[in-house]
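**Student:** A single structure is presented below for examination.
The values are calculated or read from the model by the stated rules, or taken from the named source; none is laboratory data. Model, not experiment: these values are computed from the prediction. All Cβ positions, even for glycine, are placed from backbone atoms using ideal geometry, and neighbour counts span all protein chains on display. Heavy atoms of the whole protein, side chains included, go into the accessibility calculation; ligands, DNA and RNA do not. Shrake-Rupley method; radii C 1.70, N 1.55, O 1.52, S 1.80 Å.
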Amino acid sequence: MTRTLFDQQLHVIQGDITRLRVDAIVNAANHSLMGGGGVDGAIHRAAGPNLKKACRELRETDWPDGLPDGEVALTDGFELPARYVIHTVGPVHAKTKDKSHLLAGCYRNAMRLAAEKGCESLAFPAISTGVYGYPFEEAAEVVLDVMRDRLPHHEALTVTLCFFSEEDVSAFLAVAERAGAVD
Ligand code: AR6
């Protein structure tokens, strides 16, 4: 079931992001861009070996020191149904340091890059909320703030938040309802 927010410009679904037929999906990558576990591993497996080659080239040409937190880099989707993959690096959660601006940067920069490439549909996983340990509800608040702020600037773009579990969908919608953001 799809729930919509912000005048239907934001969709919330449960699913496997590697199966979405959208213009671009976002990868919760790491600085190396060379793949990893979680959603990163799933995207690399589904896209096939050309994705790793493209990421290696990006490292050599644009990001010799690795992709910094909150930044974005674009590749094709290769064997994925999605045309592009926008790689980003979420912050590793730290109790003693507020990293919300870095997490917000992932979402904001990916939306900007997608719009620049003429994308009309963009899907995000729950960046940083797996291995990187960002508390889910805190991340959801960051995502809602960015969507409220940026969606009006990208009127041609529909964004999907693709959560891997129904629990995450429910948790996100609960935060959105408290914030008065559900349509
Ligand atoms: N579709 C949608 N969501 C998924 C999928 C999928 N196929 N697979 C997992 N998730 P994580 P992070 C969800 O750990 O916290 C990697 O090793 C997952 O349930 O993938 O940003 C990278 O290389 C969770 O809700 O990303 C980095 O080293 C969410 O995706 C590191 O993990 C994000 O979990 C990045 O950690």
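**Student:** Tilt of helix 166-178 relative to the longest C-alpha principal axis of the chain, in degrees (0 to 90, nearest 10)?
**Tutor:** Result, in degrees: 50.
**Student:** Going by the alpha-carbon gyration tensor, a ≥ b ≥ c the square roots of its eigenvalues, is the stretch 9-163 rounded (a/c under 1.5) or, if a/c is not under 1.5, prolate (a/b greater than b/c) versus oblate?
**Tutor:** rounded
**Student:** Amide H of Ser121 versus every other amide H placed in the peptide plane: which residues, excluding those fewer than 5 positions away on the same chain, fall under 5 Å?
**Tutor:** Residues meeting the criterion, in which the H sits 1.01 Å from N, are Asp23, Ala24, Thr158.
**Student:** Need the full-extension length gain, Arg112 to His93, defined as separation in residues times 0.36 nm minus the C-alpha distance. One decimal, nm. Could you put the intermediate results ahead of the total?
**Tutor:** Working: separation 19, 0.36 × 19 = 6.84 nm, distance 2.41 nm.
Here the segment from Arg112 to His93 would lengthen by 4.4 nm.
**Student:** Can you give the longest run of the chain that contains no GluC sites (Glu not before Pro) sitting in a DSSP loop with at most 15 other Cβ atoms inside 10 Å? Mind dumping the intermediate values first?
**Tutor:** On the way: sites that count: Glu79, Glu120, Glu155.
Counting only loop sites that pass the neighbour cut-off, the longest clear stretch is 1-78.
**Student:** If you place +1 on the Cβ of every Lys and Arg and -1 on the Cβ of every Asp and Glu, how big does the dipole about the Cα centre of the stretch 94-183 come out, in debye to the nearest 20?
**Tutor:** With only Lys, Arg, Asp and Glu charged at Cβ, the dipole is about 440 debye.
**Student:** Next question. Quick check: at a probe of 1.4 Å, how many percent of the accessible area of the chain sits on carbon and sulfur atoms?
**Tutor:** Details: 4200 of 8900 Å².
Percent of accessible area from carbon and sulfur atoms in the chain: 47.
**Student:** To the nearest Å, what is the center-to-center distance of the stretch 132-178 and the stretch 8-58, using C-alpha atoms only?
**Tutor:** Taking the Cα centre of the stretch 8-58 as reference, the centre of the stretch 132-178 is 18 Å away.
**Student:** Where does helix 38-47 land angle-wise versus the long Cα axis of the chain, in degrees 0 to 90, nearest 10?
**Tutor:** Once rounded, one gets 60 degrees.
**Student:** OK, next. Rounding to the nearest 10 and keeping the result within 0 to 90°, find how far the Cα-based axis of helix 136-150 lies from the longest principal axis of the chain.
**Tutor:** The angle comes out at about 90 degrees.
**Student:** Additional query: Is there a pair in Lys52/Lys117; Lys53/Lys117; Lys95/Lys117 whose C-alpha atoms are over 32 Å apart, and which pairs would that be?
**Tutor:** From the list (Lys52/Lys117; Lys53/Lys117; Lys95/Lys117), the Cα-Cα distance tops 32 Å for Lys95/Lys117.
**Student:** Oh, and also: Per residue, how many Å² of accessible area does the chain show with a 1.4 Å probe?
**Tutor:** Details: 8900 Å² over 183 residues.
With the other protein chains kept in place, the chain gives 49 Å² per residue.
**Student:** Which shape class, rounded, prolate or oblate, goes with the stretch 7-97 when its Cα gyration tensor gives a ≥ b ≥ c as root eigenvalues, a/c under 1.5 marks rounded, and past that a/b bigger than b/c marks prolate? Display every interim value, and only then the final one.
**Tutor:** Working: a/c = 1.74, a/b = 1.10, b/c = 1.58.
The shape class here is oblate.
**Student:** Compute the length gained on full extension between Ser32 and Asp76: take 0.36 nm times their separation in residues and subtract their Cα-Cα distance, giving the result in nm to one decimal. Intermediate values should be presented prior to the final figure.
**Tutor:** Details: separation 44, 0.36 × 44 = 15.84 nm, distance 1.76 nm.
That pair, Ser32 and Asp76, stretches by 14.1 nm at full extension.
**Student:** Before anything else, pin down the relative contact order of the chain: Cα pairs under 8 Å, at least 6 apart, normalised by residue count, whole percent.
**Tutor:** Once normalised by length, the contact order is 30 percent.
**Student:** In a shell of Cβ-Cβ distance under 9 Å around Cys106, excluding Cys106 itself, what net charge do Lys and Arg (+1) and Asp and Glu (-1) give?
**Tutor:** Working: positive: Arg108; negative: Asp69, Glu71.
Summing Lys/Arg as +1 and Asp/Glu as -1 gives -1.
**Student:** Shifting gears a bit: Contact order normalised by length for the stretch 1-103, with contacts defined as Cα pairs under 8 Å and 6 or more residues apart; what percent is it?
**Tutor:** That works out to 29 percent.
**Student:** Determine the gain in length on full extension of the stretch Arg19-Glu177; use 0.36 nm per residue of separation and subtract their C-alpha separation, reporting nm with one decimal.
**Tutor:** Here the segment from Arg19 to Glu177 would lengthen by 54.1 nm.
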